[in-house]
Structure formats: structure tokens, C-alpha cells
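> Quick one: this structure, given as C-alpha cells, is what I'll be asking you about.
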Amino acid sequence: MKGLILTYLITAFGVSSSLFSPFYGFLAYVSLAMLRPDFMWAHSISGGRFSMIVAVAMLSSWAFRGFGNWDLGKARPIVLLFVGFWMWTVLLAIGAKSPVHAWYYVEQMGKILLPFLVGITTCKSIKDLKALAWVIVICEGYVCLEMNMWYFQGYNYLYFIGFGGVDNNSAAIGFVTALGVGFFLFLNTESVVQKAILGLCMGLILHAILFSFSRGAMLATGIGVLISFFIIKKNSMHYAMFGVGLVMALLLAGPEVRGRFLETFSKEGGKREASAQSRLDLWKDCYTVFKRDPVFGCGPDHWPLLAHEFGWEKGKEAHSLWVQTATETGLPGIMMFAGFYLMTIWGCWRMLRTIPDSAPPWFGDCCRMTIAAIVGFGVAAQFVSLEALEVPYYVALLGAGSILIYGRMLEAGELAAEPIENAVDWRSVPDEPVYQPMNGPSSQFGEQSVGILN
């Protein structure tokens, strides 16, 4: 019953709030996409099509308002790469050997692209971006709460069943991505209550990653932590936090988790552990297919149709998002798809290195969370084929949105641009906050004191 009530509330909020702004409808759509109520509460929800209801309201409001603001500034290349990739898959689908599979792929990507475009063209302030970050962490935290409850009741639902129609490895990728967002949102938040909520969500997410037994997700989490440690503004409190986090991870990871992870690097008779070796063999076979047509690939969602030619069961995925995308969409496809994420990281990195001390702290923290989360996702996605996972696209929107709003604030004269050599060291911590909006508290893009969105 609780799931049905929550789903109705989110749907009602998405439809009604879209009347005021498409971005609010977008937030509701993201919530439903992550919670997957038809899977989470399948016993009480079936066939409601709640996401479609919210999507119709969101897109109608977006169209009525002229499809948002397309003055994207330095975020334009990021958006164009995503749009370009989708258009490339449409072109490939027209001549695909199996139109059913190809157009299904196009449809799934379109369901992510359209909300992404709504979000990037209707976000207007730091408050909007913070709301999206909170939605990502809270929703993934709630999913992990449910998975933890199953686990402590004696059944590892996540490992044996997965979540939302995907297996444990795929679900864990979303958790890894959300963990990076949660960590830097925690640092950006001053309220003790809000920090407690975020800390609880991160603990639930981290534990779920561990008992998912996804070695790729565990490896990605470790790399994400190292990246975070490198780019964070460090002081004694932050060193202590990393130490506590490390101890917490070691305590949560029992002998079974540690043994499962170490199997990745073990060899016997010159051969790697079976699962790891099968992935290497799969990638070699994908490369064979890729060489047949490196420009157009074998077609969207077509590798599973060819897997049996190499001795795999029909329908076998390549177990690598990057390898399978290159195999199916060719060089242009993988360059635009991977370029979407790489350009987001590059844009955030450049902004992180040049943000003046007068800028709101959010911009630095958002750049850091975007870089850490996407790097974690990129590593985990090397071991799983799952192009339709929504979380990383919305994390990329956080980075692109920050680049966009920061540029608008500069153009509006709300921030004073400083030469790179005069910018504050991106790794240092100022003694006191120095941000003061140049045009006062009523600034269009400045922060406002509104609950958790601060």
C-alpha cells in the first residue's frame, strides 16, 4: 500500500507541478525512473503507466513554453553529442537487419534523451540543480533501503533477482553513480539533519554495492573514491571522513565479499577466473564483428543476435557498455556516446580549475560530484552492457547544467570573471565563505534559502 500511495503522490506532483514549470515534471519523471514502482511494488502496482502520464504532462508544458531556453553556452557540445548519437542510431535503425531490435533501442534511448533535453533547457538556477541531485540520492538511497531490508531478512534479493528488470551488476552501476553525487552533496550541505539523511543514504548505497557481489561495481567504487580524494578541497575533517569511510567499507565487506572481489585477479593454469575470462573472450568476439563494419557497426541491439555465431547462447550481451556500443554503432556511434560523458568531464574539469573565489560553492562541488560519479560509472560500465540506465545521464545533466548556469551568471554580471592565474586553487579550502551575489539576494540565478535545496 505504501508503494501505491507514494507512486500516486509522485505522479500527482509531476502532473500538477508541470503546469508551473516543466522542470518539476522532469524531477517527478526522474523519481519514477529510479524507483521503478512497477518492479519495487509489483504486488500492488501493475499497468499504471505512471511514467508516461508524467511524461505527457512534462512534454506538453515544455512545448507550450516554446521548448525551453536553447541558449546552452558551453554546455552545447555536450547536448549535441547526445542528440547526435540518438540521430545516428535512428539512421542505423532504418537499414537494420532486425528493425524490431533496432527501433526498440532507439525508443529506449529516446525515453532518456527527451527528459534530458527538458531538464537542460528548463533548469534556471542552482536551486534546480540541487533539487535534481537530492532526487538522485534519495531515490537510489530508498531503493538500497529496500534491498538492505531483504538482505537482513536472510535473502539477498539484489544478488539473486536484481532490481528494475536488470541483474545485480547492472543495478549496482546506478548505485555507484549515485554514491559520488551523495558524497559531494554531503560536503555542500550545512544542515546537520540534511547531512544525516545523506550519510544514511550513502551507507545504504555502499552496503548494497558490497552485497551485490558485483566486482566491477566494487572496483569502480574504489576508483571513484580515489578520484574524489584527488579533486576534493581537503582539510583535516575531510581526511577523517575518508578514513571513516575506509574503515566502514572494510567492516561492511565480510569474507564472502572480499573473496568474491579477489577472484577477479586470480589465475589458475594460466587462465583467469571463469567469469572474468568469459568477458575477455566476449570482447574479442565483439572486436571480430566490429572489424566487419567499423563505420556502421552491426546495428543497434544486434550483437545478441550474432553471439551464437561464436559459440555463445543466443541473446548473450557483451558485458561491456563501451565494447557493445562500438560493435553495434561503429566508430561514429561510440565516439559520440563516449564523447558525451568525456565532454561533460572535460567541461567540469575546466570550470573547476578556473572558478573564481567569488563564485557560489555549489559550482565547485557539482563539478567534483559529476567527475567522480561519471568516472565511477565509466569503470563499472566496462563490465556490464546497459545503455538505458538513467542515472548517469542525469548526473551528466548536473555537470552540464552547472556549466550552463555559471556561464549565464557571468553574462548577467552576477559574477566577476577572473584570469586563470588569479583563480583560487581548486584544491584549497578558504577559511570563510566568500560568495556574495553581485546583484543582491534577489538575483535570478543566485541561491535562495529554501529548505533542502540550499
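The values are calculated or read from the model by the stated rules, or taken from the named source; none is laboratory data. Here the structure is a predicted model, which is why all the values come from computation and not from measurement. In this analysis, Cβ positions are derived from the backbone assuming ideal geometry, glycine residues included, and neighbour counts consider all displayed protein chains.
> On the given criteria, is Ala171 among the aliphatic types (A, V, I, L, M), in contact with a Pro (Cβ under 9 Å, 6 or more places away or on another chain) and part of a helix (DSSP H, G or I)? Step through it out loud before you land on a result.
On the way: among the aliphatic types (A, V, I, L, M): yes; in contact with a Pro (Cβ under 9 Å, 6 or more places away or on another chain): no; part of a helix (DSSP H, G or I): yes.
No: the conditions fail for Ala171.
> What are the residues in segment 163-176 that are surrounded by fewer than 24 Cβ atoms within 10 Å (Cβ to Cβ) and of a type in the set (A, V, I, L, M), if any?
Val166
> Moving on to the next point. Checking the condition over 17 Å from Lys74 (Cα atoms) and modelled with pLDDT under 90, which residue from Glu309, Glu328, Glu390, Glu414 passes? Outline the logic, then answer.
Details: Glu309 fails: modelled with pLDDT under 90; Glu328 fails: modelled with pLDDT under 90; Glu390 fails: modelled with pLDDT under 90.
Going through Glu309, Glu328, Glu390, Glu414 in turn, just one is over 17 Å from Lys74 (Cα atoms) and modelled with pLDDT under 90: Glu414.
> While we're on this one: Among the residues that make up segment 41-49, is at least one of them at pLDDT below 95 and among the aliphatic types (A, V, I, L, M)?
Quick first cut of segment 41-49, residues at pLDDT below 95 only: 41-49.
Pick out the ones that are also among the aliphatic types (A, V, I, L, M) and you get 42, 45.
Checking segment 41-49: at least one residue is at pLDDT below 95 and among the aliphatic types (A, V, I, L, M).
> Another question, if that's okay. Given the conditions (1) over 14 Å from Gly297 (Cβ atoms); (2) touching an Asp or Glu at 6+ places or on another chain (Cβ under 8 Å), and given that His101 satisfies all but one, which numbered condition is not satisfied?
Only one criterion in (1) over 14 Å from Gly297 (Cβ atoms); (2) touching an Asp or Glu at 6+ places or on another chain (Cβ under 8 Å) is unmet by His101, namely (1).
> Being acidic (Asp, Glu) and over 21 Å from Gln108 (Cβ atoms) is the filter here, so list the residues in segment 25-79 that pass it. Step through it out loud before you land on a result.
Restricting attention to segment 25-79, the residues satisfying the condition of being acidic (Asp, Glu) are 38, 71.
Within segment 25-79, Asp71 is the sole residue that qualifies.
> Of all residues being more than 18 Å from the chain's Cα centre (by Cα) and either at pLDDT below 95 or outside any helix (DSSP H, G or I) (or both) in segment 108-126, which is nearest to Phe186 (Cα to Cα)? Just the residue, please. Can you show your working first?
Start the filter on segment 108-126 by keeping residues that are more than 18 Å from the chain's Cα centre (by Cα), which leaves 121-122, 124-126.
The next check asks that each one be either at pLDDT below 95 or outside any helix (DSSP H, G or I) (or both); those that pass are 124-126.
Working: Lys124: 22, Ser125: 19, Ile126: 16 Å.
The qualifying residue nearest to Phe186 (Cα to Cα) is Ile126.
> Given the options Ala55, Ala102, Ala93, Ala63, name the one that is closer than 17 Å to Ala33 by Cβ and either of a type in the set (A, V, I, L, M, F, W, C) or not in a helix (DSSP H, G or I) (or both).
Values: Ala102 fails: closer than 17 Å to Ala33 by Cβ; Ala93 fails: closer than 17 Å to Ala33 by Cβ; Ala63 fails: closer than 17 Å to Ala33 by Cβ.
Of the residues listed, the single one that is closer than 17 Å to Ala33 by Cβ and either of a type in the set (A, V, I, L, M, F, W, C) or not in a helix (DSSP H, G or I) (or both) is Ala55.
> Also: Considering segment 174-210 alone, what residues qualify as being assigned to a helix (DSSP H, G or I) and of a type outside the set (A, V, I, L, M, F, W, C)?
Step one: list which residues in segment 174-210 are assigned to a helix (DSSP H, G or I), which gives 174-188, 192-210.
Gly174, Thr177, Gly180, Gly182, Asn188, Gln194, Lys195, Gly199, Gly203, His207 - these are the residues of segment 174-210 that are assigned to a helix (DSSP H, G or I) and of a type outside the set (A, V, I, L, M, F, W, C).
> Follow-up. Would you please list the contacts, defined by Cβ atoms under 7 Å and residues six or more apart or on different chains, that run from a residue in segment 321-343 that is in the same structural domain as Trp88 (by TED's automatic domain parsing) to a residue that is among the β-branched types (Val, Ile, Thr) and surrounded by fewer than 18 Cβ atoms within 10 Å (Cβ to Cβ)?
Once the first residue is in the same structural domain as Trp88 (by TED's automatic domain parsing) and sits in segment 321-343, its partners that are among the β-branched types (Val, Ile, Thr) and surrounded by fewer than 18 Cβ atoms within 10 Å (Cβ to Cβ) give Gly330/Val295; Leu331/Val295; Pro332/Val295.
> Another one. Can you tell me which condition Pro77 does not meet? The list is (1) more than 19 Å from the chain's Cα centre (by Cα); (2) farther than 26 Å from Phe175 by Cα; (3) of a type outside the set (D, E, K, R); (4) surrounded by fewer than 22 Cβ atoms within 10 Å (Cβ to Cβ), and all the others hold.
Of the numbered conditions (1) more than 19 Å from the chain's Cα centre (by Cα); (2) farther than 26 Å from Phe175 by Cα; (3) of a type outside the set (D, E, K, R); (4) surrounded by fewer than 22 Cβ atoms within 10 Å (Cβ to Cβ), the odd one out for Pro77 is (1).
> Criterion first (surrounded by 22 or more Cβ atoms within 10 Å (Cβ to Cβ), of a type outside the set (Lys, Arg) and modelled with pLDDT under 95) does Asp357 satisfy it?
Values: surrounded by 22 or more Cβ atoms within 10 Å (Cβ to Cβ): no; of a type outside the set (Lys, Arg): yes; modelled with pLDDT under 95: yes.
No.
> Restricting to segment 144-162, what's the tally of residues that are in contact (Cβ under 8 Å) with a residue 40 or more places away in the chain and either part of a helix (DSSP H, G or I) or surrounded by 24 or more Cβ atoms within 10 Å (Cβ to Cβ) (or both)? Talk me through it step by step, then tell me what you get.
As a first pass, look at segment 144-162 and keep what is in contact (Cβ under 8 Å) with a residue 40 or more places away in the chain: 144-148, 151, 156, 158-159.
Retained after the next criterion (residues that are either part of a helix (DSSP H, G or I) or surrounded by 24 or more Cβ atoms within 10 Å (Cβ to Cβ) (or both)): 144-148, 151, 158-159.
Total satisfying the criteria: 8.
> Right, here's the next one. Could you tell me which of the residues Gly315, Gly297 is surrounded by fewer than 17 Cβ atoms within 10 Å (Cβ to Cβ) and either out of contact with any helix residue (DSSP H, G or I) (no Cβ under 6 Å at 6 or more places or on another chain) or not in a helix (DSSP H, G or I) (or both)?
Numbers: Gly297 fails: surrounded by fewer than 17 Cβ atoms within 10 Å (Cβ to Cβ).
Criteria check complete, one pass: Gly315.
> Sticking with this structure for a sec: Look through Ile374, Ile452 and report the one residue that is β-branched (Val, Ile, Thr), part of a helix (DSSP H, G or I) and at pLDDT below 50.
Values: Ile374 fails: at pLDDT below 50.
Being β-branched (Val, Ile, Thr), part of a helix (DSSP H, G or I) and at pLDDT below 50 holds for just one of Ile374, Ile452, which is Ile452.
> Turning to a different aspect of this structure: Please tell me if Phe82 is of a type in the set (Phe, Trp, Tyr), within 19 Å of the chain's Cα centre (by Cα) and under 19 Å from Pro392 (Cβ atoms). Even if it seems obvious, please write down each step before you answer.
Working: of a type in the set (Phe, Trp, Tyr): yes; within 19 Å of the chain's Cα centre (by Cα): yes; under 19 Å from Pro392 (Cβ atoms): yes.
So Phe82 fits the description; yes.
> Name the single residue, out of those in segment 279-306 being of a type in the set (D, E, K, R) and within 29 Å of the chain's Cα centre (by Cα), that is modelled with the lowest pLDDT. So that I can check it myself, show each step before the final result.
Filtering segment 279-306 for residues of a type in the set (D, E, K, R) gives 279, 281, 284-285, 291-293, 301.
Those left that are additionally within 29 Å of the chain's Cα centre (by Cα): 279, 281, 284-285, 301.
Values: Arg279: 84, Asp281: 91, Lys284: 94, Asp285: 95, Asp301: 94.
Only one residue fits best here, namely Arg279.
> In addition: List every residue pair whose Cβ atoms lie under 9 Å apart, where the two residues are 6 or more positions apart in sequence or sit on different chains, the first residue falls within segment 1-18 and is among the aromatic types (Phe, Trp, Tyr), and the second residue, located anywhere, is assigned to a helix (DSSP H, G or I) and buried (at least 17 other Cβ atoms within 10 Å of the Cβ).
If the second residue must be assigned to a helix (DSSP H, G or I) and buried (at least 17 other Cβ atoms within 10 Å of the Cβ), the pairs left are Tyr8/Phe50; Phe13/Tyr24; Phe13/Gly25; Phe13/Leu27; Phe13/Ala28; Phe13/Ser31; Phe13/Val54.
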